[in-house]
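> Below you will find the structure I want to go over with you.
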């Protein structure tokens, strides 16, 4: 079976943006999930506690929405690693995420082998 895999970094469910109007003092939250549930592919997520750029609540919210809409997925949290950790080579614990992702992709037949 041939499958097209659309790779993207979807670690955010919501994005917070300031209004152009200076009269607005609170950030507006724009949901990236609205109306897109049926279009969301199976998703593998990982996040770290040391990420100070994207709050871990975003991954939790995304995963919760996936569960609610019956989108297959997996979520892993690791203690170590700053935002943009990449493959996390040499970061104890976190360096396991690429293998976990490989196993998940094989289980869903995105790649061959287990």
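> For the stretch 62-81, name all the residues that are surrounded by fewer than 16 Cβ atoms within 10 Å (Cβ to Cβ), in a loop (DSSP other than H, G, I, E, B) and at pLDDT below 95.
69, 70, 72
> A further question follows. Restricting attention to the stretch 46-61, and to residues there that are in contact with a strand residue (DSSP E or B) (Cβ under 7 Å, 6 or more places away or on another chain) and over 22 Å from residue 99 (Cβ atoms), which single residue is surrounded by the most Cβ atoms within 10 Å (Cβ to Cβ)?
Among those that are in contact with a strand residue (DSSP E or B) (Cβ under 7 Å, 6 or more places away or on another chain) and over 22 Å from residue 99 (Cβ atoms), it is 58.
> Looking only at the stretch 86-99, which residues are within 18 Å of residue 43 (Cβ to Cβ) and within 14 Å of the chain's Cα centre (by Cα)? Step through it out loud before you land on a result.
Looking only at the stretch 86-99, we keep the residues that are within 18 Å of residue 43 (Cβ to Cβ), and these are 97-99.
Of everything in the stretch 86-99, those that are within 18 Å of residue 43 (Cβ to Cβ) and within 14 Å of the chain's Cα centre (by Cα) turn out to be 97, 98.
> Hey, could you check the stretch 62-97 for residues that are in contact with a strand residue (DSSP E or B) (Cβ under 6 Å, 6 or more places away or on another chain) and free of Cβ contacts under 8 Å to residues at least 24 places away in the same chain and say which is farthest from residue 108 (Cα to Cα)? Explain how you work it out, then say what you get.
Going through the stretch 62-97, the residues in contact with a strand residue (DSSP E or B) (Cβ under 6 Å, 6 or more places away or on another chain) turn out to be 63, 66, 73-78, 81, 93-94, 97.
Applying the additional criterion that residues be free of Cβ contacts under 8 Å to residues at least 24 places away in the same chain yields 63, 93.
Values: 63: 17, 93: 24 Å.
Per the stated criteria, the residue is 93.
The values are calculated or read from the model by the stated rules, or taken from the named source; none is laboratory data. This one's a predicted model, so the numbers in the text were calculated from it and none came from an experiment. Cβ sites come from the backbone with ideal geometry, for glycine too, and all protein chains shown count toward neighbours.
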